[in-house]
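Trainee: This is the structure I want to talk about, given as structure tokens.
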Amino acid sequence: MTETLKVYPPRPRAESTGTLRDFASELNPQQAAAATHGDGPLLIIAGAGTGKTRALVYRVAHLIERGVPAERILLLTFTRRAAQEMLSRAERLVGSNSKRVSGGTFHATAHRLLRRYGQAAGLAKDFTIMDQGDSADLMQLSRAHLGYAAKSKRFPKKETLQYVYSRHINTGISIEDVVRDDYPQFVDYLEDLGKIYADYTRRKQERNLVDYDDLLLFWALLLEASPELGKTISGLYDHILVDEYQDTNVLQARILRGMCKAHSNITVVGDDAQSIYSFRGAHFRNILDFPKQFAGATVVALEQNYRSTQPILSVTNTLISRAAERFTKNLWTERTGGEAPWLVTARDEQQQTQFVVDRILELHEEGTPLREIAVLFRAGYMSADLEIELTNRKIPFEKWGGLKFLEAAHVKDVLAFLRIIENPRDEVSWYRLLLLLPGIGDATARAAIDAMASAAWESTAFGRYSPPPRARAAHAALVGLLDGLRSGPIQDEAQVAADIARVRLLYDNILRERYDRVEPRLADLDQLQTIAAGYPDRATFLSALALEPPQATQDLATGTREENDCLILSTAHSAKGKEWDAVFVIWAVDGWFPSARCLNNDEETEEERRLMYVALTRARNYLSVTYPLNAYSSRRGADYSLDQLCRFIDRGVRDNMQRVALGTDNAPAVTEETANQPLLDLRALLRSRFSG
């Protein structure tokens, strides 16, 4: 039965209660101007550390105090945690009324709207969400089904196919242009890619699956393809607020324009200087072109910095002032004191590592907790030597930017059991699960899936399937497990945790046989079971994990920060949004940071500049940038090379830094005379090549 849709007028203005806040006394003038803006589009250009979250929270509070019903406000962020933090702070300002504000990520909001309105657009309500890995796996099934896995010539792998498809959906760039720009070696296969994507789309429909990109695309289509649906959904909210607008892609900007059809009450906060996610589809022009896309927009710049010392800001202001396109802003602070950031010249990677570790220990001895110190780098492999030295010296550290918790094979294995109970048509999860079992290989797994598909994916179809003799024991065990899961929890506790406990009766032994490093993997599953206990049912649990996955087991850790006092190693991308008392940026060398693969493209080079800016602006009190003069690494295409300092740290930037040359004993020579003395002895370097 088709859902009948009615368009309701906006609800009556809520009566504001209590004493109105004095925004001018609680905010600086620019923050107050942003928070108390009236109706119409507003762009808040918020420099690093300028209190953009505070401005956005106060804007929510101001709208509620002004009489806008809280449920008519939509706050969009890029993490659930960010939305929860903002709404919690708003509650402290205006009371529990703010709890009715709709807040969350783009994908979570899309998911909520699709569950509510999707049936009216032909989307079954009980769809399952695939993450990026699942999407690639389904792409592989289409690839194999069409015979491309057996090609004698090199053919795009499933990850490549998934990347091209996702980039096309999120950016609006044609498949042909994505392939020509990123994978020119595959241009002859454009017609074949079209066939695979058509089969992939068919499989998603038949299996009732939705991928990440579908969530946003379907939201946009609900707004655009049906006048009735579009009017209903865009009429849900009177004000839309968006955090980190520089990270939005073309599709998200399209959604926002659709949501503002009935009004122009959109507030976006962002920093063009921190737009660093083009590889995820983020579109730098979204924030630059906001005043054009939303006519009559007011632009407010936040420039007072509450994080860093002025010497650090002098360096970062100079560095970003060289950007080809930007909103002009000059960050300043009322903080006094602070020393100029260090620019440290090391002989090679080993000397760079020794300096960084020695200096970290010095700062720690002076009272800086390890958790307030971070070492940042362009790519994960650049910290290898540092990790060895930290381990040798027994300095605890945590690395960000590696394998994510839900991408771990053993975690995905367990979730596959739950997913096929929720959606018996989930071909990807069936395939993954079947290959876990002894005696079942690719051919047997495909035969079993075909048998279930021919039986219209009935819940009992797998039990009726007759496996080969070698797989009968495994088949019987799995049938028994699935029947038990369908019958409900086995003990008086949260259903999902009980489900995982039952799965592990079968799976833990499989894990011990298939994987190395068993104990950490079992600990991950313990954590997964703990998380599951907080959810009322499987569908809610699986959707939550797909929409806002924990990045690592550390995200789930309990205990105080003091108990987890460890140094942070992080890629610059993963450090965005964070801050530390002391920051070390290593490998500030052309070809390393910035990355060599970006230097032949002006747009990518500019993004590398912004990435360096993000790294440097993480520091509150102490900043050190190091670069080794020599590199011995096969990654550079030769055993030995002479390095050149990062091109973004030009003379103007260096004039605001202390030059530090490391001696043979690694003691930094930080003196006023250092800048006027030679930083290296070229003839000595030449002699060293032949003297051993």
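The values are calculated or read from the model by the stated rules, or taken from the named source; none is laboratory data. Since this is a predicted model, take the numbers as computed values, not measurements. With ideal geometry, Cβ positions are generated from the backbone for all residues, glycine too; neighbour counts draw on all protein chains shown. Surface accessibility is based on the protein's heavy atoms, side chains included, excluding ligands, DNA and RNA. Shrake-Rupley method; radii C 1.70, N 1.55, O 1.52, S 1.80 Å.
Trainee: Starting from the Cα of Lys231, draw a straight line to each of the lysines and keep only those under 26 Å, dropping any in the same chain fewer than 8 residues away.
Mentor: Here the lysines satisfying the reach criterion relative to Lys231 are Lys6, Lys99, Lys125, Lys261, Lys292.
Trainee: Starting from the Cα of Lys153, draw a straight line to each of the lysines and keep only those under 29 Å, dropping any in the same chain fewer than 8 residues away.
Mentor: List returned: Lys195, Lys204.
Trainee: Over the Cα atoms of the range 394-447, how large are the radius of gyration and the largest Cα-Cα distance (Dmax), in Å?
Mentor: Values for the range 394-447 (Cα only, Rg and Dmax): 15.6, 52 Å.
Trainee: Find the accessible area per residue for the chain; the probe is 1.4 Å, ligands and nucleic acids are left out, and the unit is Å².
Mentor: Dividing the accessible area of the chain by its residue count gives 45 Å².
Trainee: Relative contact order, percent, of the chain when contacts are C-alpha pairs under 8 Å separated by at least 6 residues?
Mentor: With pairs under 8 Å counted, the relative contact order is 17 percent.
Trainee: Another question, if that's okay. No solvent, one uniform scatterer per C-alpha: report log10 I(q)/I(0) for the range 471-548 via the Debye equation at q = 0.11 1/Å, two decimals.
Mentor: -0.32
Trainee: Computed from the mean reciprocal separation of all distinct C-alpha pairs, what Kirkwood hydrodynamic radius does the range 139-201 have, in Å?
Mentor: Kirkwood hydrodynamic radius for the range 139-201: 11.7 Å.
Trainee: State the volume of the convex hull built on the alpha-carbon positions of the range 260-308, expressed per residue in Å³ and rounded to an integer.
Mentor: 110 Å³
Trainee: If the range 209-304 were replaced by its equivalent ellipsoid, with semi-axes equal to the square roots of 5 times the Cα gyration tensor eigenvalues, what would those be, largest first, whole Å?
Mentor: Largest first, the range 209-304 gives 24, 18, 10 Å.
Trainee: Follow-up question, since we're still on this one. Can you compute the FRET efficiency between Asp526 and Ser88 using 1/(1 + (r/R0)^6), with r the Cβ-Cβ distance and R0 = 35 Å? Round to the nearest 0.05.
Mentor: Plugging the Cβ-Cβ distance into 1/(1 + (r/R0)^6) gives 0.75.
Trainee: Answer rounded, prolate or oblate for the range 19-147, using the Cα gyration tensor with square roots of eigenvalues a ≥ b ≥ c: rounded when a/c is under 1.5, else prolate when a/b is larger than b/c, else oblate.
Mentor: Note, shape of the range 19-147 comes out prolate.
Trainee: On to the next question. Long-range amide H contacts for Thr298: which residues qualify at under 5 Å (H placed 1.01 Å from N, peptide plane, sequence gap of 5 or more or a different chain)?
Mentor: Amide H neighbours of Thr298, under 5 Å, 5+ apart: Leu42, Leu43.
Trainee: Next up: Across 10 Å bins from 0, what is the distribution of all Cα-Cα pair distances for the chain, in whole percents?
Mentor: Percent of Cα pairs in each bin: 3, 13, 21, 24, 21, 13, 5, 1, 0.
Trainee: Then there's this: Cα convex hull of the range 301-448: how many Å³ per residue?
Mentor: 271 Å³
Trainee: Hey, another quick one. How big is the range 207-255 in terms of Cα radius of gyration and Dmax, in angstroms?
Mentor: Just the Cα atoms of the range 207-255 yield Rg and Dmax of 12.3, 37 Å.
Trainee: Then there is this: On the accessible surface of the chain, probed at 1.4 Å, how many percent belong to carbon and sulfur atoms?
Mentor: Carbon-and-sulfur percentage of accessible area, whole number: 49.
Trainee: If you don't mind, there's one more thing I want to ask. Can you give me the Rg/Rh ratio for the range 38-99, using Cα atoms for both radii and the Kirkwood formula for Rh?
Mentor: In the range 38-99, Rg relative to Rh is 0.94.
Trainee: Starting with the highest mean, order 618-630, 321-333 by the number of other Cβ atoms within 10 Å, averaged over the residues of each peptide.
Mentor: The densest-packed peptide leads the list: 618-630, 321-333.
Trainee: Also: Looking at the chain only, what percent of DSSP beta bridges run antiparallel? Nearest 5 please.
Mentor: Just about 10 percent of them are antiparallel.
Trainee: Right, something else. At a temperature of 37 °C and a viscosity of 0.692 mPa s, determine how fast the range 324-371 diffuses translationally according to Stokes-Einstein, using the Kirkwood radius over alpha-carbon pairs as Rh; express D in µm²/s, rounded to the nearest whole number.
Mentor: 230 µm²/s
Trainee: For the range 164-256, what is the convex hull (Cα atoms) projected area averaged across all directions, in square nanometres?
Mentor: The number I arrive at for the range 164-256 is 7.6 nm².
Trainee: Then there's this: Mind computing the radius of gyration and Dmax over the alpha-carbon atoms of the range 337-424? Å is fine for both.
Mentor: 19.5, 64
Trainee: Two decimals, Cα atoms only, Kirkwood Rh: what is Rg/Rh over the range 379-538?
Mentor: That ratio is 1.06, to two decimals.
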